[in-house]
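The values are calculated or read from the model by the stated rules, or taken from the named source; none is laboratory data. Just so we're clear, the structure is a prediction, and the values are computed from it rather than from any experiment. Quick reminder, even Gly has a Cβ in these numbers, built from the backbone with ideal geometry, and neighbours come from all protein chains shown.
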């Protein structure tokens, strides 16, 4: 994509250089615009081929009629389109004049060379090839204009198939100079590609005719900002509109029509066909002309795949009632709907555009769950696109992208699950939800029917890959998708284009002083502590909102990163999974403490084990046990803990467990211990409150805010084992106290609904 950006910038720069030249009323930047784009985007060998073609070839038109209509290509589908255009406009044209080619006169060739080298243009700060390109095109324009001006065409009207394209651009200005009305045809359904590199608009910004005959109001709305000021847009009608109803749904065909795009999407096409191969459908494959040879070879390996041999897409669409049609990055999707077919779109992550009024899929699972309830043989959705007599506009859902490509365990994954659960239940009617994850398998036990998952499996391989995705790939990805809200749930502020951008910051590592002992056990923790300030600072001020879980974290973001507090939302996590009342479950005979936590050094497991050693020397008069989610296999820190404390017979070292298992243990437990020295929230604390469990927790700012007014909590010094042992005794004897309500300043949300109301600006 960076290459694309570079090429587009080069195109605009060199076109601006051509604007300094004109001859006899022919502006070079207009008549040469398509030539320039073709040169820049071609491969090396294609460039050489074009240079040779332009150098040795000249053009001619013989015996033009009173209405001259030119066609620069022998492609039969183009001839078919022009025939429909003439029919619906009741035009009688004696012949459609093709632009013929012939060898250039040897003397003209020498003159070409003379002009090229005599007037070689040197432009500073660009390479030799680009200087040569500008000079070559300029010399080509001079020769072409000289050859064209020797003609004396006597016509009343000139209609170009595409007045931006090659010789037709010169012809358009030839006739405009002679006050002959000139028109250009729209030869494809235009949909504004959702990016800042409007490659497809190059054709429109180089329109040379007086008017462009558009198919619909929609096209006019889409392209009017790209059209030169001296070109008018005239509403015409869809060229096949006069005869579609005759053929529509005439046969019943037990097939699924797959409409494939240009050859540039080789990888994506193979991905789609591999996906469809795993299904039971019978597929009729309709390739784009540029990819026909590639696809015909490819599908020989596939059963139940048949290549469409019909000459024109319209013939294929007229053939009958397909089960449905599949398209992506191809405007044939428009035509399929126009002909009354059910249509869905394959989303590949590299989409130039997608039609958000159509059902979409990106995986086998979403393909199998496709629903056409809003697209059942009803072409009204395309009225605005194809029918000039209707003033109908699509009411499409705004897109919400929730990014969690790096989340795979513990509390951060729980937050992602809860956010998706809320979105699935409460946002899907108004918004289209797309979730970016590294693997959908994380959610195999969840029912997220209203969410489209896109996988990025390599995102967890390294930070370099993640940085590339966040800061480069997602930039273009977001332009393609055009989201209303982009919510990143993983600390880093992605470089994306969205109406609203927000980042959810979990990690408070940079606000913590790492001890030497912690650094020796967990070097990565020390590195995180050092680097996270830099990670957070990248793009952070580009966000509309920053979401944190507690007020003390907001204060630090404001102080360190100079972010306005009005942009920092304190949002309390809210679990979306309903839980049974723990009081309905029989408890163990012995009093059970539980500490579910990922084994990091700041989680402070050792203070619990030290407190147990103290309690075991006392007569408590009651049996107790402690369940810890470590088993010594996780890292050097837990290995040393197990080595030192393995003889404690009232401790269960169960290792890391799934969230569902954690809930089962909550039901059988009597008290939560939470000695962590660093948290942005402390999700187990919220979970324990939902299970009505007493809580022993560190006497730190995060803990007081999380506990809030919960009346079954005791605070202890996380650096004092004797204090914890004392509080564990209090817990066994049911001695707790109440706490005052702590409520942060606005913006503040107590649940996911309030958070999304702020993010989506639904109360503004």
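Within the stretch 460-482, how many residues turn out to be touching a helix residue (DSSP H, G or I) at 6+ places or on another chain (Cβ under 6 Å) and either free of Cβ contacts under 8 Å to residues at least 60 places away in the same chain or not in a helix (DSSP H, G or I) (or both)?
Of the residues in that region, 1 qualify.
Of all the helices (runs of 4 or more DSSP H) wholly in the stretch 483-572, which have at least 1 residues that are modelled with pLDDT of 80 or more?
Values: elements: 516-521, 523-537, 551-561.
Ranges flagged: 551-561.
Condition check ((1) buried (at least 21 other Cβ atoms within 10 Å of the Cβ); (2) assigned by TED's automatic domain parsing to the domain that holds residue 629) across all residues:
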{"site": "674", "(1), (2)": "yes, yes"}
{"site": "680", "(1), (2)": "yes, yes"}
{"site": "692", "(1), (2)": "no, yes"}
{"site": "696", "(1), (2)": "yes, yes"}
{"site": "710", "(1), (2)": "no, yes"}
{"site": "718", "(1), (2)": "yes, yes"}
{"site": "721", "(1), (2)": "no, yes"}
{"site": "728", "(1), (2)": "yes, yes"}
{"site": "750", "(1), (2)": "no, no"}
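Could you go through the stretch 124-145 and let me know if any residue there is part of a loop (DSSP other than H, G, I, E, B) and modelled with pLDDT of 75 or more.
So in the stretch 124-145, the residues part of a loop (DSSP other than H, G, I, E, B) come out as 124-127.
Filter once more, keeping what is modelled with pLDDT of 75 or more: none.
Looking for residues that are part of a loop (DSSP other than H, G, I, E, B) and modelled with pLDDT of 75 or more, one finds none in the stretch 124-145, hence no.
At pLDDT below 70, in the same structural domain as residue 215 (by TED's automatic domain parsing), closer than 25 Å to residue 176 by Cβ and not in a loop (DSSP other than H, G, I, E, B): is that true of residue 69 in this structure? Explain how you work it out, then say what you get.
Working: at pLDDT below 70: no; in the same structural domain as residue 215 (by TED's automatic domain parsing): yes; closer than 25 Å to residue 176 by Cβ: yes; not in a loop (DSSP other than H, G, I, E, B): yes.
So residue 69 fails the test.
Out of all the residues in the stretch 156-168, which are in a loop (DSSP other than H, G, I, E, B) and either in contact with a helix residue (DSSP H, G or I) (Cβ under 7 Å, 6 or more places away or on another chain) or surrounded by 19 or more Cβ atoms within 10 Å (Cβ to Cβ) (or both)? First the steps, then the outcome.
Just the residues of the stretch 156-168 that are in a loop (DSSP other than H, G, I, E, B), to begin with: 156, 161-165.
Passing the criteria: 161, 162, 163, 164, 165.
Could you check the stretch 173-202 and list, in sequence order, the residues that are modelled with pLDDT of 80 or more, in a helix (DSSP H, G or I) and either farther than 18 Å from residue 158 by Cβ or in contact with a helix residue (DSSP H, G or I) (Cβ under 8 Å, 6 or more places away or on another chain) (or both)?
Of everything in the stretch 173-202, those that are modelled with pLDDT of 80 or more, in a helix (DSSP H, G or I) and either farther than 18 Å from residue 158 by Cβ or in contact with a helix residue (DSSP H, G or I) (Cβ under 8 Å, 6 or more places away or on another chain) (or both) turn out to be 173, 174.
Test of understanding: among 166, 170, which residue is in the same structural domain as residue 65 (by TED's automatic domain parsing), farther than 29 Å from residue 479 by Cα and modelled with pLDDT under 90?
On the way: 170 fails: modelled with pLDDT under 90.
One residue alone meets the criteria, 166.
Please pick out the residue among 116, 32, 86 that is buried (at least 16 other Cβ atoms within 10 Å of the Cβ), within 15 Å of residue 144 (Cβ to Cβ), assigned by TED's automatic domain parsing to the domain that holds residue 205 and modelled with pLDDT under 75. Break it down into steps so the answer makes sense when it comes.
Details: 32 fails: modelled with pLDDT under 75; 86 fails: within 15 Å of residue 144 (Cβ to Cβ).
Within the list 116, 32, 86, the selection yields 116.
Is it the case that some residue within the stretch 415-425 is buried (at least 22 other Cβ atoms within 10 Å of the Cβ) and either farther than 22 Å from residue 360 by Cβ or not assigned by TED's automatic domain parsing to the domain that holds residue 506 (or both)?
Scanning the stretch 415-425 turns up at least one residue that is buried (at least 22 other Cβ atoms within 10 Å of the Cβ) and either farther than 22 Å from residue 360 by Cβ or not assigned by TED's automatic domain parsing to the domain that holds residue 506 (or both).
Scan (1) in contact (Cβ under 8 Å) with a residue 60 or more places away in the chain; (2) in contact with a strand residue (DSSP E or B) (Cβ under 8 Å, 6 or more places away or on another chain) for the single condition residue 635 breaks and write down its number.
(2)
Got a sec? Which helices (runs of 4 or more DSSP H) wholly within the stretch 341-432 have at least 1 residues that are modelled with pLDDT of 80 or more?
Numbers: elements: 364-368, 383-386, 410-426.
Here the list reads 364-368, 410-426.
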